[in-house]
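S.K.: Mind looking over this structure? Questions follow.
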Amino acid sequence: MIKEKDWIKDLVIYQIYPRSFYDANGDGIGDLPGVLQKLDYLEELGINAIWFSPVYRSPNDDNGYDISGYQEIMEEFGTMEDWERLRDACKEKGIRIIMDLVVNHSSDEHPWFLESRSSRDNDKSEYYIWRDPLDGHEPNNWASAFGGSAWEYVPERGQYYFHYFSKKQPDLNWACPRLREEIFHMIDWWVDKGVDGFRVDAISYLDKPRDFPDSTQPPQPDGYSFPDTLAGRPGTHAYIREMNQRIYTPRNVLTVGEVSAPTVEELGNYVRTDREEFDMAIPFVPPVVEIDTWSPDKLRHDIEESYEALKGNGWWARFFSNHDKPRQVSLYGDDAQYWEVSAKLLAMFLHSLPGTPFVYQGEEIGMTNVKLPSIEDYNDLDTINTYRQSLLSGMTPEAALTRARLISRDNARTPMQWDDSEQGGFTTGTPWLKVNPNTAKINVKAQRQDPHSVYQCYRQLIALRKKSPSLSRGDMTFLETGCKELIAFTRSTPGEALITFHNFSGQELTIPDALLSAAGEALLSSYDREGGYRGPVLRPYESVIFRVKKPKPPQ
Ligand code: GLC
Ligand code: CA
């Protein structure tokens with residue numbers, strides 16, 4: 001049996017989307033000096049690792065997920081010296097650094113691609129995926145994840161290149177050994193620079209079917225179909241293992257794979273310890289699917305299933321939010337009447353689970369979705385594509401805008417709300433994406449001063465996890481409450497046990513007597529502002545963490 005990395009179990013990982021975190025020079029774009037200035041804030045919150053969404057050189061078609069220089073820093077974010085200063089400051093505070101690693105594709109402005117596209121027989125000719133036209137058309141009917149065909153024609157080669165994401169994100173050809181060597185070299189270089197881990201982007205698509213068969217999926221409104229033979233191919237797993245054996249394991253770096261894995265079995269293929277691929281995974285679920293299918297019952301079911309499948313042979317990344325999802329309090333909680341208690345409930349639930357918790361910037365103050373006035377105000381290419389496809393399918397512009405707003409990744413990307421001023425204290429200039437007007441009410445400054453804020457709840461949870469072995473290491477057992485919206489479970493080690501109850505509804509729900517008899521001291525409650533837990537009837541979105549009563553010593 002391969003030894004699990006133990007240190008990853010003590011992390012609480014804070015995700016920074018640098019563009020939207022803090023702008024230190026007033027150009028409207030968040031930057032690395034901005035992160036440095038806010039490091040004390042993160043230390044006060046208690047997190048001990050930061051995952052940086054990409055900070056590399058990029059023309060920003062997909063906000064940094066299209067890299068044109070893997071060993072350079074995006075000009076708008078600062079310089080390599082800024083990154084090094086930030087690294088040193090993190091090290092001093094004991095904060096681990098996790099970098100985003102985007103190696104399924106590069107930017108079409110990367111020098112490799114510029115050379116690859118120039119002719120059929122240049123030095124980098126094989127670094128990307130090129131196919132001849134089929135009867136004068138694209139090689140197959142595949143859709144890109146961001147709309148349109150997944151193929152783009154290049155006259156210099158008389159060929160199409162494959163791009164699963166935007167046409168400015170050509171897929172790298174992992175079948176080319178020289179390309180793999182370049183990538184491994186680059187990863188090693190970052191480890192040498194002091195990086196502690198990587199969140200590995202869109203990693204389920206590395207290996208492509210040689211013959212690119214047409215997809216059998218129903219077409220999108222624009223006529224192209226999502227591939228049905230791309231994610232999780234055996235060849236992809238082989239490439240991941242190669243990366244692991246070459247770098248991740250020997251250098252003891254943390255890896256979090258962002259994977260497309262609709263079943264627990266597929267998830268296990270990436271994270272079971274004996275697979276030697278990733279330490280943990282972020283399964284990607286398209287927001288539309290999540291919005292349509294999510295329920296507390298499904299949440300519980302999914303957690304229980306993956307817990308059973310991986311306990312003792314894997315580990316879990318725990319997150320409700322990231323830069324690709326609507327805001328959690330809007331999606332799973334109630335961002336109106338029960339905004340504060342439901343934001344706390346989601347935090348208390350997530351931080352009680354086995355696995356490593358992730359906090360996405362702004363989540364710790366309960367930031368919500370935004371309704372920008374027009375489609376022109378949105379930046380995210382996925383949002384714009386959804387809008388376009390909705391129009392093509394016959395929706396009115398109003399309906400298309402409503403839908404785009406609902407799924408938009410920009411919900412998570414509006415600037416961090418530091419204070420109640422017009423630009424939320426994010427910038428002295430004009431922000432690249434509008435600030436949510438509710439910064440007047442929801443902001444860091446107010447919540448740091450308020451002992452009962454969402455922010456304080458996160459601080460308490462993170463502190464509790466640090467001193468509770470059952471939260472960081474313990475077993476989990478779900479308890480039957482007789483009600484789908486009331487989720488209860490225990491966490492226990494031989495020396496400590498906790499029992500938690502979470503009312504995922506806007507109604508009052510009663511904890512069954514049989515379960516309540518185990519509950520001792522209440523440690524944390526989402527109703528702390530109202531004096532905390534007060535009885536078996538849980539209020540809307542009430543969440544409580546108790547110590548389990550110590551059995552009475554025999555008389
Ligand atoms: C991942 C990223 C997302 C990006 C995509 C393409 O899903 O999280 O933001 O658009 O990969 O790189
Ligand atoms: Ca800036």
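S.K.: Taking into account only those residues within segment 384-406 that are surrounded by fewer than 22 Cβ atoms within 10 Å (Cβ to Cβ) and of a type in the set (V, I, T), which is nearest to the chain's Cα centre (by Cα)?
M.R.: Per the criteria, the residue is I384.
S.K.: Right, next: Evaluate the following for P469: is it farther than 13 Å from I545 by Cβ, open to solvent by 10 Å² or more (accessible area, probe 1.4 Å) and outside the structural domain of V537 (by TED's automatic domain parsing)?
M.R.: Yes, satisfied.
S.K.: What number of residues in segment 9-51 are over 24 Å from K445 (Cβ atoms) and either in a strand (DSSP E or B) or modelled with pLDDT under 95 (or both)?
M.R.: 3
S.K.: Being away from ligand 1 (no atom under 16 Å from the Cβ) and assigned to a loop (DSSP other than H, G, I, E, B) is the filter; apply it to segment 53-91 and report the residue that is most open to solvent (accessible area, probe 1.4 Å).
M.R.: For segment 53-91, the residue satisfying everything is T79.
S.K.: Select from segment 485-506 the residues that are hydroxyl-bearing (S, T, Y) and part of a strand (DSSP E or B) and write down the one among them that is surrounded by the most Cβ atoms within 10 Å (Cβ to Cβ).
M.R.: Among those residues, the one meeting the criterion is T500.
S.K.: Sticking with this one: Only one of (1) of a type in the set (D, E, K, R); (2) open to solvent by 70 Å² or more (accessible area, probe 1.4 Å); (3) touching a strand residue (DSSP E or B) at 6+ places or on another chain (Cβ under 8 Å); (4) outside any strand (DSSP E or B) fails for K445. Which number is that?
M.R.: All conditions pass for K445, except number (3).
S.K.: Among the residues of segment 202-220, is any of a type outside the set (K, R), under 29 Å from G94 (Cα atoms) and in contact with a strand residue (DSSP E or B) (Cβ under 7 Å, 6 or more places away or on another chain)?
M.R.: Yes: segment 202-220 contains one or more residues that are of a type outside the set (K, R), under 29 Å from G94 (Cα atoms) and in contact with a strand residue (DSSP E or B) (Cβ under 7 Å, 6 or more places away or on another chain).
S.K.: Assuming K5 fulfils every condition listed in (1) away from ligand 1 (no atom under 16 Å from the Cβ); (2) part of a loop (DSSP other than H, G, I, E, B); (3) surrounded by 21 or more Cβ atoms within 10 Å (Cβ to Cβ) apart from one, which condition is it?
M.R.: (3) is the only condition that K5 fails.
S.K.: Does D410 qualify as being outside any loop (DSSP other than H, G, I, E, B) and acidic (D, E)?
M.R.: yes
S.K.: Quick check on segment 299-313. Is at least one of its residues assigned to a loop (DSSP other than H, G, I, E, B), open to solvent by 10 Å² or more (accessible area, probe 1.4 Å) and without any contact (Cβ under 8 Å) to a residue 12 or more places away in the chain?
M.R.: Checked segment 299-313: at least one residue is assigned to a loop (DSSP other than H, G, I, E, B), open to solvent by 10 Å² or more (accessible area, probe 1.4 Å) and without any contact (Cβ under 8 Å) to a residue 12 or more places away in the chain.
S.K.: Could we say that G147 is under 30 Å from S393 (Cα atoms), assigned to a loop (DSSP other than H, G, I, E, B), open to solvent by 10 Å² or more (accessible area, probe 1.4 Å) and more than 16 Å from ligand 2 (Cβ to nearest atom) here?
M.R.: Yes: the conditions hold for G147.
S.K.: Can you tell me which residue within segment 162-185, out of those that are open to solvent by 10 Å² or more (accessible area, probe 1.4 Å) and not in a loop (DSSP other than H, G, I, E, B), is farthest from ligand 2 (Cβ to nearest atom)?
M.R.: Step by step, filter segment 162-185, then rank; the result is P177.
S.K.: If a residue must be under 18 Å from A202 (Cα atoms) and in a loop (DSSP other than H, G, I, E, B), how many such residues does segment 96-126 contain?
M.R.: 6
S.K.: Check F349, F426, F358 and return the single one that is outside any loop (DSSP other than H, G, I, E, B), modelled with pLDDT of 95 or more and under 21 Å from R19 (Cα atoms).
M.R.: F358
S.K.: Another question, then. Given the criterion more than 16 Å from ligand 1 (Cβ to nearest atom), polar (S, T, N, Q), open to solvent by 10 Å² or more (accessible area, probe 1.4 Å) and over 21 Å from the mean Cα position of the chain (by Cα), identify the matching residue among N48, N25.
M.R.: N25
S.K.: Another one. Are any of the residues in segment 251-274 within 30 Å of C90 (Cα to Cα), touching a strand residue (DSSP E or B) at 6+ places or on another chain (Cβ under 7 Å) and open to solvent by 10 Å² or more (accessible area, probe 1.4 Å)?
M.R.: Yes, segment 251-274 contains a residue that is within 30 Å of C90 (Cα to Cα), touching a strand residue (DSSP E or B) at 6+ places or on another chain (Cβ under 7 Å) and open to solvent by 10 Å² or more (accessible area, probe 1.4 Å).
S.K.: Looking only at segment 65-82, count how many residues are within 14 Å of ligand 2 (Cβ to nearest atom) and in contact with a helix residue (DSSP H, G or I) (Cβ under 9 Å, 6 or more places away or on another chain).
M.R.: Adding up the residues that qualify gives 7.
S.K.: Looking at segment 495-524, I want the residues that are of a type in the set (F, W, Y) and have a partner that is open to solvent by less than 50 Å² (accessible area, probe 1.4 Å) and part of a helix (DSSP H, G or I) with Cβ atoms under 7 Å, at least 6 apart or on another chain. Which pairs are those?
M.R.: Correct list of pairs: F504/P296.
S.K.: Out of all the residues in segment 31-40, is one or more of a type in the set (K, R), open to solvent by 10 Å² or more (accessible area, probe 1.4 Å), within 16 Å of ligand 2 (Cβ to nearest atom) and more than 19 Å from Y458 (Cβ to Cβ)?
M.R.: no
S.K.: I would also like to ask the following. Return the only residue of R96, R120 being open to solvent by 20 Å² or more (accessible area, probe 1.4 Å), out of contact with any helix residue (DSSP H, G or I) (no Cβ under 9 Å at 6 or more places or on another chain) and more than 16 Å from ligand 1 (Cβ to nearest atom).
M.R.: Testing whether each residue is open to solvent by 20 Å² or more (accessible area, probe 1.4 Å), out of contact with any helix residue (DSSP H, G or I) (no Cβ under 9 Å at 6 or more places or on another chain) and more than 16 Å from ligand 1 (Cβ to nearest atom) leaves just R120.
S.K.: Which of the following residues is exposed (fewer than 15 other Cβ atoms within 10 Å of the Cβ) and under 22 Å from Y270 (Cβ atoms): D211, D201, D228?
M.R.: The match here is D228.
S.K.: Taking S470 as meeting all but one of (1) over 24 Å from A514 (Cβ atoms); (2) modelled with pLDDT of 95 or more, write down the number of the exception.
M.R.: If we test S470 against (1) over 24 Å from A514 (Cβ atoms); (2) modelled with pLDDT of 95 or more, just (1) comes out false.
The values are calculated or read from the model by the stated rules, or taken from the named source; none is laboratory data. Here the structure is a predicted model, which is why all the values come from computation and not from measurement. Heads up, the Cβs are rebuilt from the backbone with ideal geometry, glycines too, and the neighbour counts pull from every protein chain shown. Side chains included, ligands, DNA and RNA excluded: accessible areas come from the protein's heavy atoms. Shrake-Rupley method; radii C 1.70, N 1.55, O 1.52, S 1.80 Å.
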